[in-house]
Amino acid sequence: QNLEVLRIDDSQQIVSETIKIVHASCRSHVKEHNNWIQNRLRTEILDGEQLWNRREELFPNLEFCNEVYKQISYLDNGKPIFRQVIKKLFELQESSKNWIDGAFKLETLASKASAESQSRLRQFDSELTFKCSDGEIRLFSLHVRITPGAWRLHFCTELGPEKIIIGYIGIKIQ
């Protein structure tokens, strides 16, 4: 739907413009505007604190280790990496939601994901091991790259279909 809007601008002039109204008065509208709705959800997040507080609402198929809070709480829209972190989390959410059975397929992610090499696993075993919210200690070898910079988001698929655990978001572990 289009709507003609009349407004007074800063110089006290009347400005007329036509804007598109996105509405969802029935189920088919929600499906039709899904991309727009998803984009609005992503762009509404202003900082890492808000991202953490809304994690269950935004990412129902992702679980977060408690340490992730410290890693993202200082991020905000002023840091270019913040939008990329959100993008990768939504990609993981989408893949997890669509993961019905069998082993998780890395190729279902929109971004390239990989496991740490055996040499890095040997060298950084303790740094890649995190305590999860269920009290279990797990190795987080799988990761996606986040740019700008050499950031990584480490995740684990050990819980099975429809659930991915986020263990680390930050600079590449060295």
Review point. How far is it, in nm, from the label point at E94 to the one at A150 when both lie 7 Å from their Cα along the line to the Cβ?
Key: 2.9 nm
Exercise for review: Quote the FRET efficiency, to the nearest 0.05, computed for E57 versus R122 with a Förster distance R0 of 35 Å and r equal to the Cβ-Cβ distance.
Suggested key: 0.35
Point to revise | Answer label, with Rg and Dmax of the Cα atoms in Å calculated from the coordinates and candidates [x] 15.3, 47; [y] 15.8, 50; [z] 19.9, 68 | key: [z]
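Per DSSP H run of n ≥ 4, the term is -39500 (n - 2.57); total these for the chain, divide by its residue number, and report the mean residue ellipticity at 222 nm rounded to 500 deg cm²/dmol. Present the calculation step by step, with values, prior to reporting the outcome.
Values: 7 runs with 57 residues, N = 174.
So the helix-based figure for the chain works out to -9000 deg cm²/dmol.
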Review point. Using modelled backbone amide H atoms (1.01 Å from N, in-plane), which distant-in-sequence or interchain residues come within less than 5 Å of I173's amide H?
Key: none
Practice item. Note the angle between two axes, namely the Cα long axis of helix 34-43 and the longest principal axis of the Cα atoms of the chain, as a number of degrees from 0 to 90, rounded to the nearest 10. Key: 80 degrees
Practice item. Would you mind getting the accessible area per residue of the chain, heavy atoms of the protein chains only, 1.4 Å probe, in Å²? Key: 61 Å²
**Study point:** Crossing angle, helix 80-98 versus the chain [Cα axis fit, 0-90 degrees, rounded to tens]
**Key:** 80 degrees
Point to revise | Lysine pairs within segment 1-149, Cα separation less than 23 Å, 8 or more sequence positions apart or different chains | key: 20
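What does the charge dipole of segment 50-174 about its Cα centre add up to, to the nearest 20 debye, if the Cβ of each Lys and Arg holds +1 and the Cβ of each Asp and Glu holds -1? Walk me through the numbers on the way to the answer.
Working: 18 positive and 16 negative charges, 112 e Å.
I would put it at about 540 debye.
The values are calculated or read from the model by the stated rules, or taken from the named source; none is laboratory data. Computed from a predicted structure; not experimentally measured. Cβ: placed from backbone, ideal geometry, glycine included. Neighbour counts: every protein chain shown. Just the protein is used for accessible areas: all its heavy atoms, side chains included, with ligands, DNA and RNA removed. Shrake-Rupley method; radii C 1.70, N 1.55, O 1.52, S 1.80 Å.
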